[in-house]
Each structure stands twice: as structure tokens, then as C-alpha cells.
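Visitor: Sharing a structure below in C-alpha cells format, with a few things to ask.
Just so it is clear, none of the values below were taken in a lab; they were calculated from the coordinates. Just so it is clear, the structure is predicted and the values come from calculations on it, not from any experiment. A quick note on method: Cβ atoms are made from the backbone with ideal geometry, for glycine too, and the neighbour counts reach across all protein chains shown.
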There are 4 protein chains.
Amino acid sequence: MSGKIKKIGVLTSGGDAPGMNAAIRSVVRTCAFHNIECIGIYRGYQGMIEGDFKEMGPRSVNNIVNKGGTILKSARSKEFMTPEGRKKAFDNLQKAGIDSLVVIGGDGSFTGGLVFNKEYGFPVIGIPGTIDNDIFGTSHTLGYDTALNTVVEAIDKIRDTASSHNRLFFVEVMGRDAGHIALNAGIGAGAEEILIPEEDLGLDRLLESLQKSKASGKSSSIVVIAEGDKMGKNVFELKDYVEENLPEYDVRVSVLGHMQRGGAPSCFDRVLASRLGVKAVESLIAGKSNYMAGLIKDEVVLTPLEQAVKGHSEIDRELLRVSDIMST
Amino acid sequence: MSGKIKKIGVLTSGGDAPGMNAAIRSVVRTCAFHNIECIGIYRGYQGMIEGDFKEMGPRSVNNIVNKGGTILKSARSKEFMTPEGRKKAFDNLQKAGIDSLVVIGGDGSFTGGLVFNKEYGFPVIGIPGTIDNDIFGTSHTLGYDTALNTVVEAIDKIRDTASSHNRLFFVEVMGRDAGHIALNAGIGAGAEEILIPEEDLGLDRLLESLQKSKASGKSSSIVVIAEGDKMGKNVFELKDYVEENLPEYDVRVSVLGHMQRGGAPSCFDRVLASRLGVKAVESLIAGKSNYMAGLIKDEVVLTPLEQAVKGHSEIDRELLRVSDIMST
Amino acid sequence: MSGKIKKIGVLTSGGDAPGMNAAIRSVVRTCAFHNIECIGIYRGYQGMIEGDFKEMGPRSVNNIVNKGGTILKSARSKEFMTPEGRKKAFDNLQKAGIDSLVVIGGDGSFTGGLVFNKEYGFPVIGIPGTIDNDIFGTSHTLGYDTALNTVVEAIDKIRDTASSHNRLFFVEVMGRDAGHIALNAGIGAGAEEILIPEEDLGLDRLLESLQKSKASGKSSSIVVIAEGDKMGKNVFELKDYVEENLPEYDVRVSVLGHMQRGGAPSCFDRVLASRLGVKAVESLIAGKSNYMAGLIKDEVVLTPLEQAVKGHSEIDRELLRVSDIMST
Amino acid sequence: MSGKIKKIGVLTSGGDAPGMNAAIRSVVRTCAFHNIECIGIYRGYQGMIEGDFKEMGPRSVNNIVNKGGTILKSARSKEFMTPEGRKKAFDNLQKAGIDSLVVIGGDGSFTGGLVFNKEYGFPVIGIPGTIDNDIFGTSHTLGYDTALNTVVEAIDKIRDTASSHNRLFFVEVMGRDAGHIALNAGIGAGAEEILIPEEDLGLDRLLESLQKSKASGKSSSIVVIAEGDKMGKNVFELKDYVEENLPEYDVRVSVLGHMQRGGAPSCFDRVLASRLGVKAVESLIAGKSNYMAGLIKDEVVLTPLEQAVKGHSEIDRELLRVSDIMST
């Protein structure tokens, strides 16, 4: 089968993440290394529908390994959710001679790829790119390690004020369905308490923990909260609740927001992106399709795309215990 | 008069700012250099009232030149606003043999120092420390240059997403009464439009500017908004207003928040802090009082504290024109 | 046996590494969590000999999780290599009631701990802390991930000049016996070629690779060289050799040096330090001794200290191939 | 005269510096704002000779305000030093309809522009771009503020090791003829002693200062040395000299090197670049020529190019005194 692959299309889809450019670069150069043509598809599936393609050689990806965002741009495409949209996309791929796809993105992007594969038998390999680390089949998604560093650096700055003023800060970080960022960055930033969607700590426990912290002589505290935390309150309501119940606290809120998605990728994300790009292209060459290339226990491995989409990326519960001990 | 000064008290007050520690270090070491004793007063005026003092020698301030926040901590003191509070403070200073004060802080802190001086004739020199740069008598307050870099670095990250997704971002930065941060960081970050308290751009002008920007072929835009912007809407209302009137835009909001106050000071802030600390102590030695040490046209100069408090730090209006041209 | 442990001594030894402070904090707080006393030993084994001890409670390690270096300081101790030195150390530990040790450091530090254990039966657990990642029994040593980020950030800056001037840069990074930093940071920084001690690329291959790179249209290049590279030439001789043989090249050299050892630890290093500190203390409590706590395939595990010292941490040879493909 | 200017050429020349891209962007957009054409000239004067030109509109300079290096590339041109080279350059400019030049660079670049102007009467405005800050007629050159921050951040990292190991570090920074970087970054980094070309401190004074420092209880020290320091020894010889004379010291050397030239520009450099670009273009429009746009006492002003080349940028000697006091 390996003779079949001649021209690979590569696209980024969904929310952008640091390391996407490094992955594009890796896909493009691995293609060149194996004498396969490579076409960049702009704005994800929407660009497929509109035929927004550009030939890419090894020099097209110079000096991007360290850039955040994605030079291929990203977009969410409603039209690709319709059979008509996918038909247009398929026609464009055929016209351009593209015979296989590397999709860099998250769950939604992979689902799109799966449907497309089912309808048209088009070979697809996914590379997990999202800061949320919420994809089954990889211990790390591209951008996650970078986002952790961005978050701890921001909280380090907030801590300067917290400890200068003996204050309590609630810091909201990204993670609508997954507490990976909150849990790891919370430990990294020395947070007093960490609230994540996977674990309903309960409001009483939070109050108790803050009281214990004050009693233990801590003069300032940081609580890290995942945006998807399931305690039924958003971060501003939480502030009100705490101030009502613990009037000795003057709580400040900081929502870190979109800066978590950007910035130069960490070395880890750049190396991971390079490895996954090689694996994706070489898997297509080897005739494999409908897989995601990911990292499991430090090894680059393939997981069926269907599993990647259906499975759930669990947090490491031992870290909850570590966090507890660290806030002694 | 110079013979009189024997023991200087130093405190930080109001919101913390990067460079405060470098200023404390400078005050302490300049005292040591001139064989004057130096006492650190914790938690601003509140610590004066509570007698929270600590002797400081040159080794007490090792390795703090690069630390954000303030090792002397800061607090707002309601009690110091009462004559009784100030009486307690004065008694504590007398008991400790402190005969003059260096106050590192902003407007409010200087007003406290002035009142105290009027009541007790206590020599006070101020050093302007606040990220907002809203103090008359100095072109730069401590922390301002650092905050500008923090803001442009954060917006650089947001720009990765903005340009990957062709999106419009509203970024709110600090500056309740002064647009210095918004104006300078806005130009530095390449903002499309900058909204500041000093200038009511008007909602129509904003819409017009965004339309012009799209027409000129820009695919993504950043609008920087000072928290104190006077357009009568907060940043979230502004988003709604723009989305209603320009439905082609999908606006995202990011409120940078407290991280702007922290972080390792820039080289500029460290050098400025060192210079102002020397000036403050040597001015007290020279028998001067009730002044603020500041930077005007690259020179360290003294401004009467009363003027510093009453005067207004104007933005450089030429920068508005530069910003306009840059968004061509 | 678990009843026996009552007072743990913790020290840092050998070259400092980012994350050592986070590990100290974790050891101290895990002790407090389990109601065990904890004593900080200053300046490594030398401090043990001199009895330079300090009691540490959970508040002694506030606000250090994000600090580079080690608050316990480090030193190399010749005296500890003598039986007399170790006798003094043992006597001091006994006098202080310390009954077990956590040693944070590298190979040499662990060897010291082993000898000490053999002579006095003193329970020791090691935590691997060194930027070089050259310790068997852990995929990551503390400080390694941080150093990788420091190196790629520095090379990103050098790349600005390289590509502005179409120049070739040789960048020397740390790693006397191990190419981990060079290999990973080289891929992360998009290096043209990577020279490491584990692999004698040969001078001809280097020239060939540079010529190929020029032919492929690259206008600037970065070559990353581990300080312990075995090609028989140091980085300056290598520059001369290349300029002699490829006169079209004007080579610049940059030796990154000691800044690679410092800086705020990455989130990864902080979390790893927290996990290893918990494991170290809880292993001592569980009666285990003479192990190193490390990370293997994302799990925290124990490796006999003897193996950790004798074994060799291999580079991932697949990365050599990835590097080759990436420089297409 | 203002009617005459129709097409401005812009080039970067000499060593690259952060902020050059922001200045290019400003020149290009100011041209667009005033409906003047703008041509980018690649690789400085060499590109003028080779006719390496490219039309630039406001969208050609999107997303470069925050990038180090120069998108127009830089080179040193021996050919431009000959009348024949300059003749070719002039012919190319004429052919392309370019009627005036903005030269972004340092002393050498301005000298080239002056000679060219004398021979061909070609209008030239200079913008000072070099990290060394060694140009008369401006308090700050583009890239200088960024380089200061790069240096203090690097030394902050080195300090982690210095204070963990109680060691003495000699850190060499850029500045062949000017001690601006060493002096300011030295104060910013809390250096014990600062050696600069403008001031022959003398070897005895250095030894004395180190001894005093040890006596005062400092356990670690940083000495910052400008590469052009005139003490007759390079940094490695200095290390040997100190170790010979003060055997209690174990000196480490770090040469920061080329990373000082790169990186994202600071906010200050971006704003300054924007302002100087506006001034340069508007000065040409106003019929002015042979000036450099610079910053003096916070104001953007013009200095005759001849003076800029001949004059000398003095260090602020008061800073030497501040440095002395700070190392108490």
C-alpha cells in the first residue's frame, strides 16, 4: 500500500495551541524527506471546502518552530458538518491530487476526520493539538506543557501581590471539561487549593481549607480554579460566597483567559510536535489510517482515532494527594 | 541640618509595584554608605501604628533587587487616616529613634506622609512606586516600565490566537484614572485602537475604525482598553455593543488583571529604583523634606510632595497620533 | 519499621538545579504532613560535617517553589570523602537526633550517600537534581526540563541574528558526559546539526551537512554542540576547522554557560519535585532505604541507589533520526 | 520641497537589534498614511547595489512589531565603500524611482549614508538601531533597552548558582567601545563591581573591592565586564589574575554573547521605534535631509547626521557613584 501515498494535505483545526507550527513543520519536512508532496490547507475544514490550498516545501516552514499560533490558521466550519460541505471538500482534495490528510487539532477536529473517512475512505492521521490535554491516547497534547508554564508564570506574578498584601486570590485557568491545567499548574504555582471539574470538592471543604490555611500561619493564598469546575458557581460567585462566609478574607479574582493559548512553545512541545509529525507521515506511508499519533509512557504510539474521540483522558488522582500534602 | 538625621524609616504603601524591593535595597544601602541607621517599617502606615519595625543593614537586602512585590509588605491603613492613629505612629517612631521617613508608594501614600508631616513636622521624602504612572513630578513611576513589558508579552500571546483565528480581541489593562499603560502598551503591542480615560473616542469612532481596519485587509485586531475608560461601558458591554453593530465580528475579551502588578522588575525599573533611593536618602541628609524624588527628562530631581499629590501626570498626546498612524 | 523515623535531614549537593527548592519544600511539608521533624542541612555534606543545621517547618519553605538555586546552598566537600569527615558528619546527625536523610543531587552526591550508608547504616533516599539528565533510574532529573527551555529561548534569540545576517552559529550547551540537553534543545531550537558525546558524527559529516544545508536554500544555520562532544575539538577549534574547509561560512560561536543552571523552574520541574519529595519521605517512613525516587514512564518509582549510580542514562536514539529529518 | 518626495526606500544595516522590525513597520505605515510609496531594500547597502528591492504596503509589515532581528536582513557591504559600488546603488535607486532613504543602523551605516548623500545629493534620514547605545544625538538607540533586560535576566539566572554555591562570577556583556550596557545592567543585576571602557578602574581597585565585599559578609558576587573594557586583560585573563591574587576565590566566567542582540523588543523599544519611524518619514516629507531622528530628554528630535557620527555618547557618570553605593 505504501506506494499509494503521493500527496499529503495538512491542516490545523479547532482552538490554536503552541506547537501546532512545529507540527506543521515536521509534517512538511518529513514529507520532503520521503519525497512526498505536501499541501497546506488553510483555515481547517473550511479551507478544504473553499480549496484554500498551498504547496509547501521544506523552506516554507523556516523559522516557525518557535512561533505560537498556526501559520495555516484555524477555523470552526459549520459547513463541514453537512454532507454537502464534505462533498465539496472531497472534490477539492481530488482536484488537487491530495490522497491523505494529517489533521492537527482536538476532539472535534478528529470527529470531522472520522466522518470524512467513513464517507470517502480518505486516509487520515490525527495529531493532538490543544492546551487542555483532554484527549485519550496521549499523555500530552501539543500546547499543554507550554500552557502550564504560561499559567505558573502568571500566578508567580500574582503571588508577588498576594504575599505583599496578605491577600487571597482566586485564579481561573482554562479547562472546560478537564482539570489537567488547573491540577498541574496549581501544584506548580503552590496553590492552596485546586478546584477541578473531575472532583467536586464541595464548598464546605473549601471554606475549611482556607480556615486551616490561615490558622497554620499562611498570610496569603492562591486558589486555582478550572473554568469548568463543577461546584455550581463561577469564580466571581465563589468569591462572594467565600467573602460572605469568611469575612476576614478580601478575595481578588483573576481570569487568565486567552493568553494561555499563545506564546512560543516550550522545548517539550517542540520536540513532541517534531516526533508526532514524523510518526503521522510515516504511518500514512506505511498504509495506516484513522489513527492518532500520541505519546504514552514516553513512547510515540498510534491509537485508533475512534478510541481517541470516545475515550476520556483521566487526571492523575495521585496528584490530588500531592496537592493536599503540599498545602500543609 | 545634615547632622540631625540619624535613623531613617522606610516603608512601602498602597498597591505593590515591581521595583519597590530595589528601592528598599537602595535606601538601606545608601543609609549604610553614609553611616545612618535604617529601619524597615512593615505593612506601610499600619505597621507604623503597630510598631512593626525591623533594623536593616546592607545584608538584609541581599538578592532582592530582582524580586517583584515588597519584602516590607504593604497595606492600606484606615487607622492612619485618624489623628489617633497618627499619634500612635508618631509615638512609635520616637520610641524607635526614627527621625525621618522614606515613603515608597503612590498618591494616597504621599498624602498620608504630608498630613503626618504637617502634624508632627516629621521629615518625609517620597519615591513614586505604582504601575499606573499617574504621579506628577516624574516621567516614570517604579513598576510602570515592567508593567508595560508584562502587558505587551501577554498581548503578544493573545495575538497568536487572534491571527490564527482572524478574530477581534478586547484586552483590558490597568489604569483607573490614567491611560499611560493602555496607550504605550497599545502602541507596543500593535493595537488597532486604544481606549483611554483621557480621551473619549466615542463609540461611533470605534465602530468606524474597526470597519476601516477590516476594509484595509486586516484579518485580526486587538483593541486595548484602560479599565478606567470613560466611554460609559465596561469591556464586556463594549463587546456586546460591537457585536450588535458589527455582526461580522466575533469579539473575545481578556482582562489582564493582577498579573500586571507583579514579576521581576525590568532593568529600567531597577536602575531607576537605585537612583531614587540614593536621592531620597541624600536629600534627607541634606536637610530637605516634603519632596518626592522623581525622574524628569532623564534627570533625578525633587518635586514638592504637595505638588506631586495635586498635579496631574499628562499622557503624551503625540502618542495618540503615532497610534493612529501605526494602525494604518 | 515505620515507627522508627522521627527526624529527617534534607540537603542539596553538587551543582544546583532549578526545582531543588521545590523538592526541599516538598520534603519539608511531607514531613509536617506526617508529623515528622525535618532539619535542613546547609551546604551539602560539608554542612553535615560542620553541623550547619536548621529546623524547618511548613512556613520555612513559603514562596520558594518558583525560585531557582537552593536555599540550603550547595558545596562540594572534600572532607566528606575521608572517613574522618564522615565520622564528624555522623556524630553531628546523632547529636541532632536526625535518623534519616534525603539527598537532592546528582551522581556524586548519591555515591557519598551510599558510602555513608555502608559505614553507618544510615537510611538515605536520593532525589535526582541536575540539569544534565544523566542519572539512571529516572527519565527526567530536576532542572532538566527548565534547562531545555532556557536553552531554546537563548537560541531563539541567536536565531534572530543568524537569520538577519545569513550566518552560521555554533552554540555550545551544557552536558559533559551526556547529550540530552543538546539533542532535545537542538531539535527544539531547529538546529541544523547536533553534536553530542554519545555519537561521533565525524568532521566530514558535519561539513557535508552544512554544504547540503546551503544547497537546500537555507540562508542561516544553528549547530548545537554539547560541551562534552567527543569530536576531539572544542567549539572554537571547530569554528576554525569549518571556516578553513568551507570558506563561504563566517561562523560565530556562543557558549551559553552557567545561565543554563538557573532561573525559575518550569511547571514540569515543580510538579516533579513535589512528587519526588513526597515519595522520598514516605519511602523512609515505610522503612525503605538506599533508593532513588525517580520518574519512569510517567510513574514515580524507586531505583536502588547503587543502580542509579552505576547505570547509564541513555539518549533516545530515535531522536537522532527525528533531528535528521527535521533538518531537511 | 515637500511635494518632491514620492517614494522612500528603507533599509537596515550593521548589527541587527530588537526594534528594527518595529521601525520598518513604522516607516512603511507612515508612508502609507501620507500616500507615499515605500520600498524595502534587502541586506542594507549591499541590496542597494544588487537592486534587491520589494514594494511594501501596510499589510507587508503585519505581526512584526514584536519580532527580533530584521525582516529586511542586514549585511556589511565592502562594495558600498567604493565609488563604483555607490554608483551602482544610485543607478538602482533611480531606476526604481526611489527619491529618499531611511537608514536604520549604527555609526557605520550613517557614515555610508552621509558619503552617499555628498556624492549624489540623496536625501537620507537615519534611525539609530544598535544595542550598544553608542550613538550621539539620542539617549536610547533601538534595541538597547531590550538588551538591558536580556542581560539582567541572564544574570538573575547566574545569580541563582552564585548564591547557591557562594561563588564569584565574571559576566562579560557586549559593548566594545561603550559601557552603557555593562553600567546599567550591572546596576540592574546588583553587580558587585562593573568594568567599562570609559573608566580604568585598575586591577588593584578590583581586588580591593572584592576583598571588601567578602569582609562585609557577602557570600557571592557578580562582576560585570564590558567586552571592550580597557584594563588590558580579557575576561579569562582577569579570572586568572584574581584567582592568583585572591586564592580564596573560585571564579567562574560567563560570556553572554550573541543572545544579547536578539529577542522580542521591550515595550519601550517598540514605542520608540514607532515614534522614530514617524519622525523620519515626516522629516523627509518636510524637505529635511541628513538628520538622525533620536530621543533626547524624552522628546523626539533631529540631530545632523554628521554630528551623530562624530559625536560621542557619554555614559552617565552619576551611575558609577550609584553603583558604588549599591555594592555597600
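Visitor: Using Cα centres only, tell me the gap between the stretch A:291-328 and the stretch D:67-106 in whole Å.
Guide: 55 Å
Visitor: Right, something else. Taking every pair of distinct Cα atoms and averaging 1/r, then inverting, what Kirkwood hydrodynamic radius in Å comes out for the protein assembly as shown?
Guide: Working: mean 1/r = 0.0312 Å⁻¹.
The answer is 32.0 Å.
Visitor: Hey, got the dipole for chain C? About the Cα centre, +1 on K and R Cβ, -1 on D and E Cβ, debye to the nearest 20?
Guide: Values: 38 positive and 43 negative charges, 326 e Å.
My answer is approximately 1560 debye.
Visitor: Then there's this: Distances over 28 Å make up what percent of all Cα-Cα pairs in the stretch D:1-150?
Guide: Working: 1562 of 11175 pairs.
Of all Cα-Cα pairs in the stretch D:1-150, 14 percent lie more than 28 Å apart.
Visitor: Using only the Cα atoms of the stretch A:205-328, what are the Rg and Dmax in Å?
Guide: 21.1, 64
Visitor: I would also like to ask the following. Could you give each residue of the stretch B:193-200 its phi-based ³J(HN,Hα) in whole Hz, using Karplus coefficients 6.51, -1.76, 1.60 with θ = phi - 60°, and x for Gly or Pro?
Guide: For the stretch B:193-200, the Karplus curve yields 8, 10, 10, 10, x, 6, 9, 8 Hz.
Visitor: Can you list, shortest first in nanometers, how far D:ASN62 lies from the same residue in the other copies, with each label 7 Å from Cα toward Cβ?
Guide: 2.1, 5.0, 5.4
Visitor: Where does helix A:144-165 land angle-wise versus the long Cα axis of chain A, in degrees 0 to 90, nearest 10?
Guide: 20 degrees
Visitor: What residue of chain A has the nearest C-beta to the axis that moves A onto B, and what is that distance in Å, given as a whole number?
Guide: Taking the axis that maps A onto B, the answer comes out as A:VAL255, 3.
Visitor: May I pose another question? Which cysteines does the protein assembly as shown leave without a neighbouring Cys Cβ under 4.7 Å?
Guide: Flagged as lacking a Cys partner: A:CYS267, B:CYS267, C:CYS267, D:CYS267.
Visitor: Give me the compactness ratio for the stretch C:88-159, meaning the Cα radius of gyration over 2.2 N^0.38 Å. Show your work: numbers first, answer last.
Guide: Values: Rg = 16.9 Å, N = 72, 2.2 N^0.38 = 11.2 Å.
Taking N as the residue count of the stretch C:88-159, the ratio is 1.51.
Visitor: While we're on this one: For C:GLY202, which inter-copy label distances result when the label point lies 7 Å beyond Cα on the Cα-to-Cβ vector, reported in nm to one decimal and in ascending order?
Guide: 5.9, 6.9, 7.5
Visitor: With a cut-off of at most 12 other beta carbons within 10 Å, and DSSP calling the residue loop, which GluC sites (Glu not before Pro) in the stretch A:222-316 qualify? Please list them.
Guide: Answer in residue order: A:GLU248, A:GLU314.
Visitor: Moving on to the next point. Mind putting a number on the dipole of the stretch C:199-274 about its Cα centre? Charges go on the C-beta only, +1 for Lys and Arg and -1 for Asp and Glu, and I need it in Debye to the nearest 20. All intermediate terms of the calculation are to be shown ahead of the outcome.
Guide: Values: 10 positive and 13 negative charges, 79 e Å.
The calculated dipole for the stretch C:199-274 is roughly 380 debye.
Visitor: Helix-only mean residue ellipticity at 222 nm, chain A, DSSP H runs n ≥ 4 weighted -39,500 (n - 2.57), per residue, nearest 500. What is it? Walk me through the numbers on the way to the answer.
Guide: Working: 11 runs with 139 residues, N = 328.
My calculation for chain A gives -13500 deg cm²/dmol from helical runs alone.
Visitor: Another question about this same structure. What pairs from C:LYS73/D:LYS157; D:LYS95/D:LYS310; B:LYS157/C:LYS157; A:LYS67/C:LYS297 go past 22 Å between their alpha carbons?
Guide: Details: C:LYS73/D:LYS157 15 Å; D:LYS95/D:LYS310 32 Å; B:LYS157/C:LYS157 17 Å; A:LYS67/C:LYS297 29 Å.
Among C:LYS73/D:LYS157; D:LYS95/D:LYS310; B:LYS157/C:LYS157; A:LYS67/C:LYS297, the Cα-Cα distance tops 22 Å for D:LYS95/D:LYS310; A:LYS67/C:LYS297.
Visitor: Let me ask you something else. Can you list, shortest first in nanometers, how far C:ALA215 lies from the same residue in the other copies, with each label 7 Å from Cα toward Cβ?
Guide: Counterpart label points of C:ALA215 in the remaining copies fall at 5.4, 6.7, 7.5 nm.
Visitor: Give me the one-decimal Kirkwood hydrodynamic radius in Å for chain C, with the sum taken over alpha-carbon pairs. Let's see the in-between values first.
Guide: Details: mean 1/r = 0.0482 Å⁻¹.
Taking every pair of different Cα atoms in chain C, averaging 1/r and inverting gives 20.8 Å.
Visitor: Residues in the stretch D:39-79, backbone N under 14 Å from the label point at D:LYS7 (7 Å along the Cα-to-beta-carbon vector): list them, ranges by number please.
Guide: D:39-41, D:51-57
Visitor: Under 1.5 on a/c is rounded, so check that first for the stretch B:1-76, then, if it is not, pick prolate when a/b is larger than b/c and oblate when it is not; a ≥ b ≥ c are the square roots of the alpha carbon gyration tensor eigenvalues. Before the final figure, lay out each step's value.
Guide: Values: a/c = 2.04, a/b = 1.23, b/c = 1.66.
In terms of gyration-tensor shape, oblate.
Visitor: Next up: For the stretch C:154-173 and the stretch B:215-271, what is the separation of their Cα centres, given in Å?
Guide: 34 Å
Visitor: With +1 on each Lys and Arg Cβ and -1 on each Asp and Glu Cβ, and nothing else charged, work out how big the dipole of the stretch D:160-227 is about its Cα centre, in Debye to the nearest 20.
Guide: Values: 6 positive and 11 negative charges, 78 e Å.
Roughly 380 debye, rounded to the nearest 20.
Visitor: Next question, about the same structure. Hey, got a sec? Which trypsin sites (Lys or Arg not before Pro) in the stretch B:18-94 land in a DSSP loop and have at most 11 other Cβ atoms within 10 Å? Kindly include the intermediate steps, with their values, before the conclusion.
Guide: On the way: sites: B:ARG25, B:ARG29, B:ARG43, B:LYS54, B:ARG59, B:LYS67, B:LYS73, B:ARG76, B:LYS78, B:ARG86, B:LYS87, B:LYS88; in loops: B:ARG43, B:LYS67, B:LYS73, B:ARG76, B:LYS78.
Answer by residue number: B:LYS78.
Visitor: I've got another one for you. As I understand it, the value is the acute angle between the Cα axis of helix A:83-96 and the longest principal axis of the Cα atoms of chain A; what does it come to in degrees, rounded to 10?
Guide: Helix A:83-96 sits at roughly 50 degrees to that axis.
Visitor: Taking square-rooted eigenvalues a ≥ b ≥ c of the alpha carbon gyration tensor, is the stretch C:37-110 rounded, prolate or oblate, where a/c under 1.5 means rounded and, failing that, a/b exceeding b/c means prolate? Don't skip to the answer; put the middle values down first.
Guide: Details: a/c = 2.36, a/b = 1.39, b/c = 1.70.
Note, shape of the stretch C:37-110 comes out oblate.
Visitor: Further, regarding this structure: Calculate, axis by axis, the spread of Cα positions in the stretch C:145-261 along the three principal axes, and write the results as whole Å, longest axis first.
Guide: 35, 30, 21
Visitor: Helix A:235-245 versus the longest principal axis of chain A: what is the Cα-based angle in degrees, 0 to 90, to the nearest 10?
Guide: 10 degrees
Visitor: DSSP loop (so not H, G, I, E, B), at most 16 other Cβ within 10 Å: list which trypsin sites (Lys or Arg not before Pro) in the stretch C:283-328 pass both filters. Walk me through the intermediate numbers first.
Guide: Values: sites: C:LYS288, C:LYS297, C:LYS310, C:ARG317, C:ARG321; in loops: C:LYS288, C:LYS297.
Answer in residue order: C:LYS297.
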